[in-house]
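Asker: I'd like to ask some things about the structure below.
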Amino acid sequence: MSELKSLCDITIFGGHGDLAFRKLMPALYHLSNAGYLDEKSRIITATRDSMSHEEHCDLVKLKLKEFLSDDGFEEEKFSYFKKQLHVVIIEFNADESYKGLQDLLNEYPQRERINYLSTAPDFFGTICKTMSHLGLVSPQSRVVLEKPIGRNLQSSHVINDEVLNYFDESQIYRIDHYLGKDTVQNIMALRFSNRFFMPLWDANHIDHIQITVAESVGVEGRWGYYNEYGAMRDMVQNHLMQLLCLVAMEPPCSLDADSVRDEKVKVLRSLRTMTHSDIKEKTVRAQYSKGSIDGIPVPGYLDGDNVNTSTTETFVALRVDIDNWRWNGVPFYLRSGKRMSRQNSEIIIHFKSIPHSIFVNQGKFISENKLVITLQPNESIYLELMNKVPGLSEQMLLKPVELELNTPLKVAHKPDAYERLLLDIIRANPTLFMRLDEVDAAWKWADVILDGWEEDIIPLKSYSAGTDGPSAAVQLIARDGRSWQDE
Ligand code: NAP
């Protein structure tokens, strides 16, 4: 049970959409039942589906049963949660349709209000404007923005400026759900609460870093959305950049939101801007063609119904350099793709090799130490160290072993990333959310690459679904005498 129950009104715009049912409602159900929400708090679904309160509750119940990952559905718990559920019918573009929401919120004008915009970004400005004109935005209001925030720096400015007309930056929570994962937060815990890593975490001791976010799924019915964005905008500019920041940032002076975000933004500003020749040498973009995953044939990106030609990339590989003292000469290799051989999100810190081996004939078998942080499919952290193989062999035999660094504490319920993030929003803690200058800096760097691709500086490669991407990605890292961890 939590020590403090929050009393607030949470309105989910787009409340009958995929994200709301798959992630937000299960997260709120858990938070409510764990006692983080005062029982008088209200969870208001704004939808254009015309339905009664009872019909809405039945639908939420059905979806919870479908999406609660851990058999967490219990009738008794739902009866409690149901008391917090409300539904209002809203067409985002029709001001008059907000009347029901206005009446509901005005019952408690002093309450903290959370507006979760689980909608396409085209609606962010309209919703904020209408809410403000109806007097529903107060200093106690917060607004949550889902990705994607624009397709480039310019369109991101348009979206953010619209929201900033009605909300102060301190009231805006830009979600990157990767930051809600326990293991991602553990990167900070490992780095900044263990003396052991402190002297090793720089160019003197680290050879290079690999960050991979691979999905085996394709675009799953979201072709229209995905085709507008592609892997660079959908994954790299936000998720991979945030992971890179946590690995590369300097220790913040405290854990408060701005201290952490100040350090992250310094990393983003230190990313080396790519020249045309860098784009040729250090970037790979590719699209999957048909192939097979786990022995099952899957179509290519362009093989679906109503699909025309498209040059949208479903795979990206990059060598990224950070121009600061700590990381001088340490490449960060980033990869992300759809329809890869397996689902796998991993950060691997490759330490430098030992300067001299005393183990006769064993030198070539000594692998460098690695810190492996896995985010998906299962969260884990281990340190790869060399160890002696037990036995009496004449020469000492060595072998890499994995020293697990996972928290041994067993918890009854492992919170999903959205649970962590929603609770932080409820508590008004913006540490894990992207500040505007972070979004700007990430776009500024990514735009140069995207513009270069737009000019066809490098061709779009192809890879078969079910593989680890095109051979060009292997060459990208092989040119530096290194290889991807899975090779
Ligand atoms: P979605 O399933 O299409 O949901 C959007 C909701 O908005 C739908 O319920 C839709 O209602 C409603 N809506 C659209 N136009 C409206 C209008 N004019 N008036 C009132 N309601 C309207 O999309 P989603 O997958 O939930 O995604 C929501 C946002 O989160 C998007 O920005 C997406 O990029 C982002 N996101 C989603 C995921 C995910 O896993 N789904 C992950 C990360 C980020 P109808 O059902 O009536 O059309």
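Asker: Assuming R0 = 51 Å, can you tell me the calculated FRET efficiency for the pair Q475 and K40, based on Cβ-Cβ distance, to the nearest 0.05?
Answerer: Working: r = 60 Å, r/R0 = 1.18.
Calculated value: 0.25.
Asker: Also, quick follow-up: Please give the length that would be gained between T309 and I358 if that part of the chain were fully extended, namely 0.36 nm times their separation in residues minus their C-alpha to C-alpha distance (nm, one decimal).
Answerer: Contour length minus the Cα-Cα distance gives 11.8 nm.
Asker: Let me ask something else. Once R0 is set to 56 Å, what does the formula 1/(1 + (r/R0)^6) return for the Cβ-Cβ distance between K414 and D95, expressed as a FRET efficiency to the nearest 0.05?
Answerer: E between K414 and D95, to the nearest 0.05, is 0.85.
Asker: Right, next: What order, most packed first, do the peptides 234-245, 140-151 have when packing is the mean number of other Cβ atoms within 10 Å of each residue?
Answerer: 234-245, 140-151
Asker: For D122 and D161 in one chain, what is 0.36 nm times their gap in residues minus the Cα-Cα distance, to one decimal in nm? Write down the numbers at each step before the final one.
Answerer: Details: separation 39, 0.36 × 39 = 14.04 nm, distance 1.26 nm.
Residue separation times 0.36 nm, minus the Cα-Cα distance, leaves 12.8 nm.
Asker: What accessible area per residue, rounded to a whole number of Å², is obtained for the chain using a probe radius of 1.4 Å?
Answerer: Per residue, the chain has 46 Å² of solvent-accessible surface.
Asker: Also, I was wondering about something else. Counting only protein heavy atoms and using a 1.4 Å probe, what share of the accessible area of the chain belongs to carbon plus sulfur, as a whole percent?
Answerer: Carbon and sulfur: 50 percent of the exposed surface of the chain.
Asker: Give me the distance in nm between label points sitting 7 Å out from Cα along the Cα-to-Cβ direction at T273 and E107, one decimal.
Answerer: Rounded to a tenth, the inter-label distance reads 5.4 nm.
Asker: With labels modelled as points extended 7 Å from the Cα through the Cβ direction, what inter-label distance (nm, one decimal) is found for E54 paired with R195?
Answerer: 6.7
Asker: For the stretch 341-478, what class follows from the C-alpha gyration tensor (a ≥ b ≥ c being the square roots of its eigenvalues): rounded when a/c is under 1.5, otherwise prolate if a/b is larger than b/c, else oblate?
Answerer: oblate
Asker: At a Förster distance of 60 Å, what's the computed FRET efficiency of D168 paired with K399, Cβ-Cβ distance as r, to 0.05?
Answerer: Approximately 0.60, to the nearest 0.05.
Asker: Average projected area of the Cα convex hull of the stretch 8-146, in nm²?
Answerer: Mean orientational projected area (the stretch 8-146, Cα hull): 7.8 nm².
Asker: Could you sort the peptides 263-274, 188-199 by per-residue average Cβ neighbour count (10 Å cutoff), highest mean leading?
Answerer: Answer by packing, highest mean first, reads 263-274, 188-199.
Asker: Rg (Å, one decimal) plus Dmax (Å, integer) for the alpha carbons of the chain?
Answerer: Reported Rg and Dmax, both Å: 24.1, 85.
Asker: Let me ask something else. Averaged across orientations, what area in nm² does the convex hull of the alpha carbons in the stretch 225-381 project?
Answerer: Averaged projected hull area, Cα only: 14.1 nm².
Asker: OK, next. Would you calculate a helix-derived [θ] at 222 nm for the chain, using -39,500 (n - 2.57) for each DSSP H run of n ≥ 4 and dividing by the full residue count, to the nearest 500? It would help to have the intermediate numbers written out before the result.
Answerer: Working: 14 runs with 149 residues, N = 487.
Helix-only estimate at 222 nm: -9000 deg cm²/dmol.
Asker: Now for a separate question. Please name whichever of S345, S393, L383 sits farthest to the positive end of the charge dipole of the stretch 332-409, dipole taken about the Cα centre and charges placed at Cβ: Lys and Arg +1, Asp and Glu -1.
Answerer: So the residue we want is S345.
Asker: Using all C-alpha to C-alpha distances in the stretch 191-239, build P(r) with 5 Å bins and read off the rounded percent in each one.
Answerer: Pair shares across the bins are 4, 14, 17, 16, 10, 11, 9, 9, 8, 1.
Asker: Next question, about the same structure. Lys/Arg Cβ at +1, Asp/Glu Cβ at -1, dipole of the chain taken about the Cα centre: which of F196, L246, A286 is farthest positive-ward?
Answerer: F196
Asker: To the nearest 20 debye, what charge dipole does the stretch 91-188 have about its Cα centre, counting +1 at the Cβ of each Lys and Arg and -1 at the Cβ of each Asp and Glu?
Answerer: For the stretch 91-188, the charge dipole is close to 220 debye.
Asker: For the residue pair K65 and N429, what label-to-label distance in nm results when each label sits 7 Å from Cα along the Cα-to-beta-carbon direction?
Answerer: So the two model labels end up 3.5 nm from each other.
Asker: Could you calculate the contour length gain from K5 to L302, that is, 0.36 nm times the residue separation minus the distance between their Cα atoms, to one decimal place in nm?
Answerer: Details: separation 297, 0.36 × 297 = 106.92 nm, distance 4.98 nm.
Answer, rounded to one decimal: 101.9 nm.
Asker: Based on the mean of other beta carbon atoms within 10 Å per residue, what is the order of 436-444, 224-232, most packed first?
Answerer: Top of the packing list down: 436-444, 224-232.
Asker: Let me ask something else about it. Counting pairs of Cα atoms in the stretch 290-393, how many percent are more than 16 Å apart?
Answerer: Counting pairs separated by more than 16 Å, the tail of P(r) holds 75 percent.
The values are calculated or read from the model by the stated rules, or taken from the named source; none is laboratory data. Nothing here was measured: the structure is a model prediction, and the numbers come from that model. Virtual Cβ from ideal backbone geometry, glycine too; neighbours counted across all protein chains shown. For accessibility, only protein heavy atoms count, side chains too; no ligands or nucleic acids. Shrake-Rupley method; radii C 1.70, N 1.55, O 1.52, S 1.80 Å.
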